[in-house]
1. Taking every pair of alpha-carbon atoms in the chain, give the share separated by more than 25 Å as a whole percent.
2. At 0.36 nm per residue, minus the direct Cα-Cα distance, what do N274 and K221 gain on full extension? Give it in nm, one decimal, please.
3. According to the square roots a ≥ b ≥ c of the eigenvalues of the Cα gyration tensor, what is the shape class of segment 54-109, taking rounded for a/c under 1.5, prolate for a/b larger than b/c otherwise, and oblate for the remainder?
4. Of the beta bridges DSSP finds with both residues in the chain, what % are antiparallel, to the nearest 5?
5. Using per-residue counts of other Cβ atoms within 10 Å, averaged over each peptide, order 54-66, 187-199 from highest down.
6. Tell me which of L122, V253, H39 sits at the most positive position along the dipole axis of the chain, charges placed on C-beta atoms (Lys, Arg +1; Asp, Glu -1).
7. Can you compute the FRET efficiency between E127 and K251 using 1/(1 + (r/R0)^6), with r the Cβ-Cβ distance and R0 = 25 Å? Round to the nearest 0.05.
8. Could you check the simple spin-label distance between E48 and T117, using points 7 Å along Cα→Cβ, in nm with one decimal?
Amino acid sequence: MKHLVFIINPHSGVDRQKAIQQAIETYLDTAQFSWEIQHTQHAGHGTELAKLAADNNAFAVVAVGGDGSVNDVAKGLVGSHTALAIIPKGSGNGMARSLNIPLKVEQAISVINGNNTIMMDLGFVNEYSFISNAGVGFDTIVSQQFASSKKRGLMVYAWLTIKNLLSYNELDWQLTVDDITTTERAFIINVANGKQFGYNFQIAPDASWTDGLFDVIIIRKFPKLLGFTIAWRALRGTIHHSPYVRVVRGKKVTISHPSLQYFQTDGDAQPAKNPLQFHIEPAVLKVVVP
């Protein structure tokens, strides 16, 4: 029998934990799987628990949460035979949406029952790993403020975007993709392994988890009055057709600027060491998908 380890943040609330456990008991195929629930106790604990589960030959570790929780668990599974599975319970749920994993718990469990896996690429930047995307510019500011907000949801994210849009000053970034160097006056430079930030905001509509390449999305300086047009294109999956957007593909990326202080990985703001050096590791993470 295959064993599953569900990892839940206890700060998500007692009611949510009870609901998750009830859903597992109701919908999981127990003829196929044995299971247990473990709780994280501190930052990075999901990585430790996932690695232990992999060492004990679990079939999959199920990250119950948003992209931050998914990323935390994934770090402990890289290079192992244990798969990552997802029950999306975050705000944006960018990875789950990109992988077509349903947002309803019972349907996400049905995906696990299906027992279908792929081998996914993983991105690395300096000492950090990321599943979906990482980058610099405007999205880093929004990520910082969203993390410190007591509220979550699309409306908060949209408000922070609108609040910062007019006052944001673009920088001249030095960008190198596979040994080709350019200077880009950019609103955002995003190094994408997956398609979206979350909330169906598709920063890299053509990105693939399995092609061994990053899609580097450069949103150049644009008239701020066109901000809503850029956002609408992202929601429609056509941002790469904007005249203000350039897409480059590559395996290695370097981004630098003298004033670089922060960047974001999967929506979490991180302190930066200049330059940022990215590389991709192909097919190092097994993931349960529909």
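Coordinate-derived values only; no laboratory data. Note that the structure is predicted; figures quoted are calculated from it, not measured. Virtual Cβ from ideal backbone geometry, glycine too; neighbours counted across all protein chains shown.
1. 46 percent
2. Working: separation 53, 0.36 × 53 = 19.08 nm, distance 2.21 nm.
Length gained, N274 through K221: 16.9 nm.
3. On the way: a/c = 2.33, a/b = 1.68, b/c = 1.38.
Verdict is prolate for segment 54-109.
4. Details: 52 of 71 bridges.
Percentage antiparallel, nearest 5: 75.
5. 187-199, 54-66
6. V253
7. So, using R0 = 25 Å, E works out to roughly 0.85.
8. It works out to 2.5 nm between the two label points.
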